Amino acid sequence: MADILEEIVAHKRIEIEERKAFISPSKLYPMVENMLDTSVPSMRQALMKSDSGIIAEFKRKSPSKGWIHRDAKAEVVTKAYQEAGASALSILTDTEYFGGYDEYIQQARANGVTIPILYKNFVIDEYQLFQARYCGASAVLLIAADLCKEECAHLLKLAHELGLEVLLEMHNDRDFEYAELGPDMYGINNRNLGSFVTQVENSFRLAEKLPADVCKVSESGIGKVETVKQLREVGFRGFLMGEYFMKEDNPGMALQQFISELAK
């Protein structure tokens, strides 16, 4: 792991312990177990069936850009994304570095969002999976660079037991040994998590390393309709886009215009 990612993960460990002190696992886990009879919408199925595959992200800030849209309201933007035709949503729940909260997912659900939602965070502890399920997420992000293979396998198994799907994020050749764990979705991150430099070419370069029939997701740095069309041609079915929409005054309208152009 490079410097920025190490810093984020180190802070995340402290944050998780603070959260556990606030709501103990012995209290949270039974609450979640009582919810397991109720299913959540499948993100994988939504992407595989979609003509656009756009995963619209609610992202207020980032370590590299600072504040992107500080005043954005989760319940407003996410509902607008759904109405504009998003296949799924991604909601940042990391507070320190991305200005997110678990409550943003709850607010989206309370305001009528029914499409799949990805719990976007640096998941390193099983406690976070229970958090994700409790707040109404459909899937969680597991980042290969954050976890050893055994940790990733354990979290993936537990996520499935909780009724959550997994988007496994890989960035380089080293990460591809994790692909054999069999996640629901295989993500290629175009952003280097150490330097935060983004290169969409990463998805094109690494796509052929994945099985042809899996749900492939290209993450970060996508800002052109033509890029999405080209990525679809090499097998991608999901396209996670955040800053491109969130930098606009009306993210929902920006998404609607993008999907309209994509359909031409």
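The values are calculated or read from the model by the stated rules, or taken from the named source; none is laboratory data. Fair warning: this is a prediction, and the values are worked out from it, not measured in the lab. Here Cβ is always computed from backbone atoms with ideal geometry, including for glycine, and neighbour counts include all displayed protein chains. Just so you know, the surface numbers come from the protein's heavy atoms only, side chains and all, with ligands and any DNA or RNA stripped out. Shrake-Rupley method; radii C 1.70, N 1.55, O 1.52, S 1.80 Å.
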Fluctuation leader among L240, L162, L36 - the chain, Gaussian network, Cα springs under 10 angstrom = L36
Dipole of the range 4-263 [Lys/Arg +1, Asp/Glu -1 at C-beta], most positive-end residue of T38, I14, P211 = T38
Which far-off residues, 5 or more places away or on another chain, put their amide H under 5 Å from the one on F58, with H placed in the peptide plane?
-> S90, I91, L92
At 4 °C and 1.567 mPa s, the Stokes-Einstein diffusion coefficient in µm²/s for the range 4-263, with hydrodynamic radius from the Kirkwood sum on alpha carbon pairs, is 71
Keeping all protein chains in place, calculate the accessible area per residue for the chain (probe 1.4 angstrom), answer in Å².
-> 44
When the chain is treated as a GNM, springs tying every alpha-carbon pair under 10 Å, which of N111, N202, N34 comes out with the largest mean-square fluctuation?
-> N34
Theoretical FRET efficiency, 1/(1+(r/R0)^6), r = Cβ-Cβ of T114 and E261, R0 22 Å, to 0.05 = 0.30
For the range 4-263, what is the relative contact order in percent, using Cα pairs closer than 8 Å and at least 6 residues apart in sequence?
-> 21
Mind checking which of V140, N172, V225 is farthest towards the positive end of the chain's charge dipole, using Cβ charges of +1 (Lys, Arg) and -1 (Asp, Glu) about the Cα centre?
-> V225
Among GluC sites (Glu not before Pro) in the range 179-264, those in a DSSP loop whose Cβ has at most 12 other Cβ atoms within 10 Å are E208
Working out 0.36 nm times the residue gap between E161 and E226, then minus their Cα-Cα distance, what length gain in nm do you get to one decimal?
-> 19.6 nm
Mind jotting down the three principal axis lengths of the range 107-186 based on Cα atoms? Whole angstrom, largest first.
-> 41, 21, 18
Heavy-atom accessible area with a 1.4 angstrom probe orders D249, D71, most exposed first, as D249, D71
When the chain is treated as a GNM, springs tying every alpha-carbon pair under 10 Å, which of F245, F204, F58 comes out with the largest mean-square fluctuation?
-> F204
Counting only protein heavy atoms and using a 1.4 Å probe, what share of the accessible area of the range 1-106 belongs to carbon plus sulfur, as a whole percent?
-> 49
Give K209/K264; K61/K120; K12/K224; K79/K157; K61/K149 a once-over and call out the pairs whose C-alpha atoms are over 23 Å from each other.
-> K209/K264; K12/K224; K79/K157; K61/K149
About its Cα centre, how strong a charge dipole does the range 4-263 have in debye, to the nearest 20, once Lys and Arg get +1 and Asp and Glu get -1 at the Cβ?
-> 480
When the helix-only estimate is applied to the chain (DSSP H runs of n ≥ 4, each -39,500 (n - 2.57), divided by the residue count), what is the mean residue ellipticity at 222 nm, nearest 500 deg cm²/dmol?
-> -12000 deg cm²/dmol
